[in-house]
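Trainee: The structure follows.
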Amino acid sequence: MTNTPPDPKSSQTNALGFEEFIGILVAFATIGVILFWSFSRKESGWNLGGLLLPSPTQSPVPTTPTVESRQAPPSSEEKPVVVEKPLPRVSPGELRREQKLLPPDSTRETLPLVIPEKKPTIPPPIAFTDVPSDFWARRFIDVLSSRNIIKGYQDYSFRPNQPVSRAEFAAILQQAFRNGLGYTNKKMSFQDVPTQFWANSAIDQAINTGFLRGYPNKTFNPNQKISRAQVLVALASGLNLKVPASPNQVLSVYKDAREIPTYATNKIAAATESGLVVNYPDPTVLAANKQATRAEVAAMIYQALVRMRRVDAIQSEYIVKVPD
């Protein structure tokens with residue numbers, strides 16, 4: 001009886017029970033891990049095993065895309081790659097400052113660009129050696145010389161009391177009215193004006209604009225000294241001044257009105273009423289037949305430019321004024 005083998009049923013029961021317990025434990029653990037991974041993948045997109053791939057149901061955080069894929073539309077199994085950049089953070093202080101500097105579009109106004117007009121620079125007048133500061137026509141001469149309307153001589157003199165020839169007067173007219181008066185550039189032909197005469201263009205302009213006229217025998221007399229009456233008639237004609245209703249009444253301001261030539265009566269009356277006449281030293285003495293000096297021509301030319309609003313008026317006691 002001592003050699004009787006152990007009970008096989010009881011020995012197998014103990015060994016199998018322990019192995020089954022281990023197998024069941026491993027099986028349940030594996031099933032649990034699989035179930036946990038499956039549910040967690042559906043809800044949060046987590047992946048086990050170190051595979052950090054986005055879940056198809058994952059919702060990205062709102063950001064500002066900066067670069068997009070420009071390839072062909074993705075297939076059903078692929079999604080476009082988006083490189084995203086977080087939105088910049090702005091502090092409340094910076095936001096208030098931006099709102100203050102840049103108002104909303106609804107209140108912005110686009111102002112036109114205005115470039116201020118640049119006024120022309122006028123050079124200083126010529127300091128003539130023979131025109132003293134207290135000379136009666138100094139202010140007229142200064143303005144005209146600064147505008148290059150009248151010129152002096154090489155010795156820096158002006159010679160204000162020197163008579164003016166018809167050619168010289170035409171040259172002054174050309175400088176004074178070179179802009180603003182339209183005319184036809186018609187070449188004039190006078191028997192006493194050479195082809196290469198220095199004042200040809202000035203004479204042509206004076207004739208075409210109606211300031212001067214030639215004589216019946218097709219002469220111009222360029223070297224003839226011009227009278228004060230002729231200067232006033234020329235200015236009244238070129239500016240097309242209106243003749244007053246009562247010329248004789250206007251001319252009554254002159255003590256020597258009877259000396260005015262008949263052809264010049266209406267034009268001088270128009271020039272007087274328009275403020276073109278400047279008489280030195282006595283405003284009531286016209287001296288119509290006296291040769292006009294360079295200073296007198298400068299003063300009357302200046303008054304014509306005042307009439308055209310080219311220059312500002314100068315206060316002078318020698319400007320003739322018609323009483324109301």
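The values are calculated or read from the model by the stated rules, or taken from the named source; none is laboratory data. Here the structure is a predicted model, which is why all the values come from computation and not from measurement. Don't worry about glycine lacking a Cβ; one is built from the backbone with ideal geometry, like all the others, and counts go over all protein chains shown.
Trainee: Looking at the stretch 136-171 only, could you name the residues that are in a loop (DSSP other than H, G, I, E, B) and under 19 Å from A313 (Cβ atoms)?
Mentor: Hits for the stretch 136-171 are W136, A137, R147, I149, I150.
Trainee: Still on this structure, I have one more. For the stretch 118-161, which positions are among the polar types (S, T, N, Q) and surrounded by fewer than 16 Cβ atoms within 10 Å (Cβ to Cβ)?
Mentor: T121, T129, S133, S146, N148, Q154, S157, N161
Trainee: Then there is this: If I filter the stretch 305-322 for residues that are modelled with pLDDT of 95 or more, farther than 18 Å from I150 by Cα and hydroxyl-bearing (S, T, Y), do I get at least one hit?
Mentor: Yes: the stretch 305-322 contains one or more residues that are modelled with pLDDT of 95 or more, farther than 18 Å from I150 by Cα and hydroxyl-bearing (S, T, Y).
Trainee: What do you reckon, is D282 closer than 16 Å to A176 by Cβ and among the acidic types (D, E)?
Mentor: Judged against the criteria, D282 is not a match.
Trainee: Another question, then. Spot the failing condition for L241; the list is (1) touching a residue at least 24 places away in the same chain (Cβ under 8 Å); (2) part of a helix (DSSP H, G or I), and only one is missed.
Mentor: Failing condition for L241: (2).
Trainee: Here's something else I'd like to know. Given the options S274, S237, name the one that is within 27 Å of R310 (Cβ to Cβ), touching a helix residue (DSSP H, G or I) at 6+ places or on another chain (Cβ under 8 Å), modelled with pLDDT of 95 or more and surrounded by fewer than 19 Cβ atoms within 10 Å (Cβ to Cβ).
Mentor: Residue meeting the stated conditions: S237.
Trainee: Step by step: first the residues of the stretch 279-324, then only those that are without any contact (Cβ under 8 Å) to a residue 60 or more places away in the chain and of a type in the set (A, V, I, L, M, F, W, C), then the one that is surrounded by the most Cβ atoms within 10 Å (Cβ to Cβ). Which residue is that?
Mentor: Among those residues, the one meeting the criterion is L286.
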